[in-house]
Amino acid sequence: RANGVLRRLRATPVSAFTFLASQVVSRLLITLAITSLIFFPSWWLLGFRVEGSLADLLAVTLLGALAMIAMGLVTATRTSSIEVSGGVLNFLTWPMMLLSGVWFSLEGADPWLQAAANLLPLTHFVNAARAIMIDGTGLAALWPHLAALVGMTAVFMAVSAALFRWER
């Protein structure tokens, strides 16, 4: 948007949703490549154990990454600069990491805090990935987490498409 590229794309028959979906897919491919570069050497060289299916873990990773990329896209569609977007995303990311169980469990936390954590995509991603990696849980047993991730992705994409503007 800052360089005027989006203004030129507006003249094409590409809808806002199609453009945003292409942005999500390109970022998803980058995320999967980076995740693979970290995961597979850890698995092979360090003996990192995964009790469940790698295909199930990949599916959960895809859904979790899609939800978080789509959430970031909501911010990117409404901010005027990269700097503001980065600040807003940091403002959203740190509380999400604190409440999602990435660093510590929320089992002893107040019920309202646990309910708030369940509104975040990272919570469902972390819980599903841990269940596969530690307990060997299959996708069928993780359907609430998967449904939450799919639902969040759909909502974030719809909001992004509704808020998107080709020009400033």
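The values are calculated or read from the model by the stated rules, or taken from the named source; none is laboratory data. Note that this is a predicted model, so its numbers are computed, not measured. Please note: Cβ atoms are built from the backbone with ideal geometry, for glycine as well, and neighbour counts cover all protein chains shown. Surface areas here come from the heavy atoms of the whole protein model, side chains and all, with no ligands, DNA or RNA. Shrake-Rupley method; radii C 1.70, N 1.55, O 1.52, S 1.80 Å.
So the values come out like this:
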item: The chain: angle of helix 143-163 to the longest principal axis, Cα-based, in degrees nearest 10; result: 10 degrees
item: Highest-MSF residue in the chain out of Leu32, Leu20, Leu99 [GNM, Cα springs under 10 Å]; result: Leu32
item: Residue among Ile34, Ile69, Ile132 with the largest mean-square fluctuation in a Gaussian network model of the chain, springs linking Cα atoms under 10 Å; result: Ile34
item: Relative contact order %, region 46-143, counting alpha carbon pairs below 8 Å whose residues are six or more apart; result: 46 percent
item: Tilt relative to the chain, helix 54-78 - C-alpha long axis, 0 to 90 degrees, to 10; result: 30 degrees
item: Degrees between helix 16-45 axis and first principal axis of the chain (Cα, 0 to 90, nearest 10); result: 30 degrees
item: For the chain: accessible area per residue (Å², 1.4 Å); result: 60 Å²
item: Apportionment of accessible area to carbon and sulfur, region 10-168, percent (1.4 Å); result: 71 percent
item: Loop-resident sites, region 36-120, for chymotrypsin sites (Phe, Trp or Tyr not before Pro), counting at most 16 other Cβ within 10 Å (DSSP); result: Phe48, Trp103, Phe104
item: For the chain, built as a Gaussian network whose Cα springs stay under 10 Å, the top-fluctuating residue of Leu146, Leu120, Leu106; result: Leu106
item: GluC sites (Glu not before Pro) restricted to DSSP loop in region 23-121 with at most 10 other C-beta within 10 Å; result: Glu107
item: Ratio Rg/Rh [Cα only; Rh per Kirkwood] for the chain; result: 1.01
item: Low-density loop cleavage sites - trypsin sites (Lys or Arg not before Pro) in region 40-144, where at most 12 other Cβ are within 10 Å (DSSP); result: Arg49
